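Asks: Got a structure for you, written out below as structure tokens; questions coming shortly.
The values are calculated or read from the model by the stated rules, or taken from the named source; none is laboratory data. Quick caveat, the model's predicted, so the values are computed rather than measured. Here Cβ is always computed from backbone atoms with ideal geometry, including for glycine, and neighbour counts include all displayed protein chains. The area values use the complete protein model at the heavy-atom level, side chains included, leaving out ligands, DNA and RNA. Shrake-Rupley method; radii C 1.70, N 1.55, O 1.52, S 1.80 Å.
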Amino acid sequence: MSKPRRVVIVGGGTAGWMAANLLVSRWSREEVAVTLVESPQIGTVGVGEGSTPTLRRFFQLIDVADSDWMPACNATYKVGIRFDGWSPEGGPRSYRHPFFSQPDTFVTPSFLVNCRTRRLGLDVTTAPDKFFLNGALAGDHLAPLATENFPFDIDYGYHFDALLLGRYLTQVGVSRGVTHIEAKVSQVVVADDGLIDRIETDEAGSVSGDFFIDCTGFAGLLLQQALGEPFIDFATNLYNDAAVALPSAALSPLPCETVSTALSAGWCWHIPLTSRIGNGYVYSSRFLTAEDAEVELRRHVGDLDGAYEARHLKMRVGQLRRHWCGNCLAVGLAQGFIEPLEATALLLVQVTVEKFMDAWSSTGFASHPTESFNKQIVAHFDGVRDYIVAHYKLNTRNDSDYWRANRNNDVLSDSLRHLLDVWYRCDDLSAEIERQQLVSHFDTRSWHCLLAGYGVFPALADDQPGRGDLYVERDIERYQRGCALNFESHTAVMAAYG
Ligand code: FAD
């Protein structure tokens, strides 16, 4: 029998432990032996508490039930994101970008048609949460778990305590055969052929491997530092480079959505856990000092007497030119980071690891088919970046230089420029997304939610026929109300988990 391939993961943040668990869930120890090296001295970034529905698939893949991991991580369900105050001039004060589910299949065509009708100047309903079920669940604080007589799958993500999730995934990984070494890497030894031979650690000596996964966070120890892979900065169209985080008391009834509120030089996340609310101000240090950001955040969350301790972080926004070179793959913050407006970081971790496993095993672990892999991962990052950039480009705030600079910024990718052109010309946005073969997480429904939610529409025509509103004609309100009857309160569901 041939020996197992030795994979060494360096870094034990959420990315490292997600990668480790995915690897051992797909490959037996006889095929691939997984070792994870992390330094408790250095610790993890300790933020990143909201997910997309891909995290649901992650737990399905590693066969762990919500009722098991969620109480251990003070986790809650997430049905989408509410955006407050991003486009006060053009659109409603607030709109929702929900995760989409099976029951939405029936109303999506009406939503898309209404958006087009509104682009022609006619007054029809376009608020996304009036159409999509998760929007209704968010409004009523309902958990996205339907009763048995409702035969549709509801998609959802989660909110969780990042430190507790790290600990939980460590236990699961170790119990399933991951070798865990706590040690600080002092050197990455590269052989003459350009492949990584081993790492040297302070506490545990050398660790050799056939393949290395760099999960060392913003440090980027292996692929960027040791192998010299260049980092492509996104600072020209994503200005935010810092954050300050601050908890506040838990809420009842328990919300099931993230709220993202535009502030003077960035935005604030508001993430409900069972134990507390996680808040954080993501801002641009070019426009706001760390001290002023903290003051503004405290005012926003109502912590005027400084009851909670704030944590300041710097963010490196961009991606590596290549995510996989030779026998090294970078995952998580080490491969790149796009600011957390749509909570996509763990989605990109999962996509990267799953595609890596497909690619590496497709050649019998023999060679490194990196070119097409890298193209796909770069396209995923670019797709997410463009969707986030659109939030800034389209803002209609006039209260600070920061928002004006974002609106006036013309550093847009060709892809984003075409998407916006098609929308303004009233052409078919879904066809354009298909034509461009956009592979990102954000499909035509997400783009329509964003553009309609911001109110990116022409002025209403003088002449209104008073019909053609499919929301009214198809009685979507009644459909949605009927669907929502099948869901219980989020607070009750989480209490039942214990
Ligand atoms: P880290 O958590 O930084 O882990 C790095 C690991 O490498 C640690 O274990 C460290 O000890 C180890 N290490 C480093 N150097 C060495 C060394 N020399 N020797 C040994 N070990 C070493 N993501 C989301 O999906 N949703 C969100 O809502 C979200 N919000 C965010 C908000 C902010 C402000 C920031 C900055 C990020 C956010 N993210 C979010 C991203 C998310 O935090 C990360 O993607 C996630 O935590 C994974 O981080 P990581 O494991 O790559 O890095």
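Asks: Figure the gain on full extension for A495 and S361 (residue separation times 0.36 nm, minus the Cα-Cα span) and round it to one decimal in nm.
Replies: Numbers: separation 134, 0.36 × 134 = 48.24 nm, distance 4.22 nm.
Gain on stretching A495 to S361: 44.0 nm.
Asks: Rounded, prolate or oblate: pick one for segment 360-498, where a ≥ b ≥ c are the square roots of the eigenvalues of its C-alpha gyration tensor, a/c under 1.5 means rounded, and failing that, prolate if a/b is larger than b/c, else oblate.
Replies: It is oblate, given that a/c is not under 1.5 and a/b is not larger than b/c.
Asks: Rounded to the nearest Å, what's the spacing between the alpha carbon centres of segment 363-383 and segment 194-243? Just the number, please.
Replies: 17
Asks: Here is a follow-up. I'd like the antiparallel share, as a percent to the nearest 5, of DSSP beta bridges with both residues in the chain.
Replies: Approximately 70 percent, going by the DSSP bridge assignments.
Asks: Additional query: Considering the Cα positions of segment 195-273, please state its Rg to one decimal place and its Dmax as a whole number of Å.
Replies: Final numbers for Rg and Dmax: 19.9, 54 Å.
Asks: For segment 83-130, what size does the Cα cloud have along each of its three principal axes, sorted from largest down, in whole Å?
Replies: Sorted largest first, the three principal extents are 32, 25, 11 Å.
Asks: Please report how far the C-alpha centroid of segment 1-60 lies from that of segment 384-399, rounded to the nearest whole angstrom.
Replies: So the separation of the two Cα centres works out to 33 Å.
Asks: Next up: Let me have the relative contact order for segment 331-394, percent, based on Cα pairs under 8 Å that are six or more residues apart.
Replies: 33
Asks: Any idea what the relative contact order of the chain is, in percent, if you count C-alpha pairs under 8 Å spaced at least 6 apart?
Replies: 23
Asks: What part of the accessible area of the chain, given as a whole %, is carbon or sulfur when the probe is 1.4 angstrom?
Replies: 50
Asks: Set the Förster radius R0 to 45 Å, insert the Cβ-Cβ distance between A191 and E354 as r into 1/(1 + (r/R0)^6), and round the FRET efficiency to 0.05. Mind showing how you got there, number by number?
Replies: Values: r = 28 Å, r/R0 = 0.63.
It comes to 0.95.
Asks: When the expected Rg is taken as 2.2 N^0.38 Å, what fraction or multiple of it is the alpha-carbon Rg of segment 42-129?
Replies: Here the answer is 1.50, to two decimals.
Asks: OK, next. Once you keep just the Cα pairs under 8 angstrom separated by 6 or more residues, what percentage relative contact order results for segment 160-207?
Replies: Over segment 160-207, the number comes to 26 percent.
Asks: Let me ask another. Using the reciprocal of the averaged 1/r over all distinct C-alpha pairs, how large is the Kirkwood radius of segment 211-333 in Å?
Replies: By the Kirkwood definition, the hydrodynamic radius is 16.3 Å.
Asks: Right, next: Could you give the length gained on full extension between D428 and H312, defined as 0.36 nm per residue of separation minus the Cα-Cα distance, in nm?
Replies: Contour length minus the Cα-Cα distance gives 37.4 nm.
Asks: So, one more: With θ set to phi - 60°, apply the Karplus curve 6.51 cos²θ - 1.76 cosθ + 1.60 along segment 90-95 and write out the HN-Hα couplings as whole Hz, x wherever there is a Gly or Pro.
Replies: Couplings: x, x, x, 4, 8, 8 Hz.
Asks: Rounded to a whole number, what is D in µm²/s for the chain from Stokes-Einstein with the Kirkwood radius over alpha-carbon pairs (4 °C, 1.567 mPa s)?
Replies: 54
Asks: Quick one: net charge around D202, please, counting Lys, Arg +1 and Asp, Glu -1 for every other residue with C-beta under 14 Å from its C-beta.
Replies: Details: positive: K184; negative: E38, E182, E200, E203.
Result for the neighbourhood of D202: -3.
Asks: Can I ask one more? Applying 1/(1 + (r/R0)^6) with R0 = 60 Å to the Cβ-Cβ distance of E182 and V472, what FRET efficiency is obtained, to the nearest 0.05? Can you show the working numbers first?
Replies: Working: r = 61 Å, r/R0 = 1.02.
With R0 = 60 Å, the Cβ-Cβ based efficiency is 0.45.
Asks: Suppose R0 equals 41 Å. What FRET efficiency, 1/(1 + (r/R0)^6) with r the Cβ-Cβ distance, do E291 and R435 give to the nearest 0.05? Can you show the working numbers first?
Replies: Numbers: r = 48 Å, r/R0 = 1.16.
Rounded to the nearest 0.05, the efficiency is 0.30.
Asks: Apply the a/c threshold of 1.5 to the C-alpha gyration tensor of segment 290-436 and tell me whether it is rounded, prolate or oblate.
Replies: Oblate, since a/c reaches 1.5 and b/c is not below a/b.
Asks: Quick check on segment 341-384: take the gyration tensor over C-alpha atoms, sort the square-rooted eigenvalues as a ≥ b ≥ c, and tell me if it's rounded (a/c under 1.5), prolate or oblate.
Replies: Because a/c hits 1.5 or more and a/b fails to exceed b/c, segment 341-384 counts as oblate.
Asks: Right, here's the next one. Once each part is reduced to its C-alpha centroid, what is the distance from segment 264-319 to segment 90-109 in angstrom?
Replies: Here the two parts' Cα centres lie 28 Å apart.
Asks: Could you pull out every one of the lysines with an alpha carbon less than 28 Å from that of K130, ignoring same-chain neighbours closer than 8 positions?
Replies: Once the sequence-local lysines are set aside, what remains near K130 is K78, K393.
Asks: I'd like the GluC sites (Glu not before Pro) in segment 168-272 restricted to DSSP loop residues with at most 14 other Cβ atoms within 10 Å, sorted by number.
Replies: Here the GluC sites (Glu not before Pro) that fit, given the DSSP loop and packing criteria, are E203.
Asks: Can you tell me how much longer the chain between D305 and S413 gets when fully stretched, taken as 0.36 nm per residue apart minus their C-alpha distance, in nm with one decimal?
Replies: 34.5 nm
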